[in-house]
1. In segment 59-69, what residues are within 25 Å of residue 39 (Cα to Cα) and open to solvent by less than 100 Å² (accessible area, probe 1.4 Å)?
2. State yes or no: is residue 32 open to solvent by less than 60 Å² (accessible area, probe 1.4 Å), on the phi < 0 side of the Ramachandran plot and under 11 Å from the mean Cα position of the chain (by Cα)?
3. Taking segment 36-47, which residues are out of contact with any Phe, Trp or Tyr (no Cβ under 6 Å at 6 or more places or on another chain) and either within 27 Å of residue 6 (Cβ to Cβ) or exposed (fewer than 10 other Cβ atoms within 10 Å of the Cβ) (or both)?
4. Looking at this structure, is residue 50 in a loop (DSSP other than H, G, I, E, B), out of contact with any Leu (no Cβ under 7 Å at 6 or more places or on another chain) and open to solvent by less than 100 Å² (accessible area, probe 1.4 Å)?
5. When you scan segment 1-29, how many residues do you find that are at negative phi, without any contact (Cβ under 8 Å) to a residue 24 or more places away in the chain, open to solvent by less than 100 Å² (accessible area, probe 1.4 Å) and of a type outside the set (D, E, K, R)?
Amino acid sequence: MTRQTTVRLSEELADRVEAVARVRGTSVNALIVESLAAEIERVRTDTDFTDRARKLLERDKELLDRLAR
């Protein structure tokens, strides 16, 4: 199952994305999906990022617990 979303790019970035996709022989959509997947994998292994994410999730859980009382 896929989910559709809209991404707004500056004209310059859109032109660059299109050029890279054409040279690679792929679609703009595939390039964006591959780029996002690579970035997610990169931050997943970044301990600073995962520490900050864990702290935010703990804080969110505390807030939800308070609201549930």
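1. Taking segment 59-69 and keeping what is within 25 Å of residue 39 (Cα to Cα), we get 59-60.
Within segment 59-69, 60 is the sole residue that qualifies.
2. Taking the combined requirement at face value, the residue satisfies it.
3. Listed by number, the residues that qualify are 36, 37, 38, 39, 40, 41, 42, 44, 45, 47.
4. no
5. Summing the residues that are at negative phi, without any contact (Cβ under 8 Å) to a residue 24 or more places away in the chain, open to solvent by less than 100 Å² (accessible area, probe 1.4 Å) and of a type outside the set (D, E, K, R) in segment 1-29 gives 11.
The values are calculated or read from the model by the stated rules, or taken from the named source; none is laboratory data. Computed from a predicted model, the values in this text were never measured in an experiment. Cβ sites come from the backbone with ideal geometry, for glycine too, and all protein chains shown count toward neighbours. Just so you know, the surface numbers come from the protein's heavy atoms only, side chains and all, with ligands and any DNA or RNA stripped out. Shrake-Rupley method; radii C 1.70, N 1.55, O 1.52, S 1.80 Å.
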